[in-house]
1. Taking each full run of DSSP H in the chain as one helix, which ones are at least 24 Å long along their axis (Cα atoms) and have mean Kyte-Doolittle hydropathy of at least -1.0?
2. Which far-off residues, 5 or more places away or on another chain, put their amide H under 5 Å from the one on Ala193, with H placed in the peptide plane?
3. Which ³J(HN,Hα) values in Hz, rounded to whole numbers, follow from the phi angles of the stretch 190-201 under the Karplus curve 6.51 cos²θ - 1.76 cosθ + 1.60, where θ = phi - 60° and Gly and Pro get x?
4. Are there any trypsin sites (Lys or Arg not before Pro) in the stretch 84-179 that are in a DSSP loop and have at most 12 other Cβ atoms within 10 Å? List them by number.
5. Among Val196, Ile96, Gly43, which residue has its Cα positioned farthest towards the positive end of the charge dipole of the chain, with +1 placed on the Cβ of Lys and Arg, -1 on the Cβ of Asp and Glu, and the dipole taken about the Cα centre?
6. State, as an integer percentage, the relative contact order of the stretch 40-193 based on alpha-carbon contacts under 8 Å between residues 6 or more apart.
7. Would you work out the charge dipole size for the chain about its Cα centre, treating the Cβ of every Lys and Arg as +1 and the Cβ of every Asp and Glu as -1, and quote it to the nearest 20 debye?
8. Work out the charge dipole of the chain with +1 on the Cβ of Lys and Arg and -1 on the Cβ of Asp and Glu about the Cα centre, then indicate which of Phe69, Ser134, Leu147 is farthest towards its positive end.
Amino acid sequence: MSPGNVPMILMYHAIADVAEDPHSLCVPPDRFAEQMAWLQRRGLRGVSIGTLVEAMRAGRERGLVGITFDDGYVSVLEAALPELRRRRFTASMFIISGRIGGSNDWDEGPVWPLMSADQVGQLAEAGMEIGSHSVTHPKLAGIDAALLRAEVAESRARLAELLGVPVRGFAYPYGSMDAAARSAVRDAGYDYACAVETPTARLGLMALPRLYIGHRDGAARMAAKRLLYRGYFALRGRRA
Ligand SMILES: [Zn+2]
């Protein structure tokens, strides 16, 4: 992957209208619908990262935008899934294997429920890709080597057991990664991993950059973000 062909991958967490959202993790359902409609109007199709990676390998990623949801909030099943299906979009949902049926207890602030094993299964049955987001949601950069291996490999094994299919994708909690984390993800058998802000020198399937999409992103801001995102990598590419 070169800076000239970095695909656009959107990063979401919860899809809910909440009073208090100190970490800006929620996009209200109406706003999410507007954002998906914007993609469709532009002739873009939202797809899972597994699908996007296959398309990239075949040189057919034009017109595709990756859609991702981290943590596995119940609100994604309730509010995002119907909207995605209506538009025949798919997406990747990154699940914390040790918090299935629990809540976002790693964050300070409001507590939101995470999907049960049954609900994760419903997403998979609906054609969504299920990936791993570690066992307990730690920052992986600089973490002890044995813990790193466990977070990356055990979550993959647990989700594969739950779903009955191999798990191809990983998303680094907090986007936190270093060379050891990227190696651990590759060694555990994943095809790709999503980061957040990836340094240009690290661009690749083990560190796919993602674009944060929030509740303020209406059509105009979506368009501006898309242009800025492309421009950012194009500029880096010229400097490299
Ligand atoms: Zn997370």
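1. 219-239
2. Residues meeting the criterion, in which the H sits 1.01 Å from N, are Phe170, Met206, Ala207, Leu208.
3. 6, 7, 7, 9, 9, 9, 10, 9, 9, x, 3, 5
4. In loop regions of the stretch 84-179 (DSSP not H, G, I, E or B), the sparsely surrounded trypsin sites (Lys or Arg not before Pro) are Arg88.
5. Towards the positive end, the residue furthest out is Gly43.
6. This gives 21 percent for the stretch 40-193.
7. It comes to approximately 1540 debye.
8. My answer, from the dipole projection, is Phe69.
Laboratory data are not the source of any read-out in this text; all were calculated from the coordinates shown. Just so we're clear, the structure is a prediction, and the values are computed from it rather than from any experiment. Note: ideal-geometry Cβ built from the backbone for every residue, glycine included; neighbour counts use all protein chains shown.
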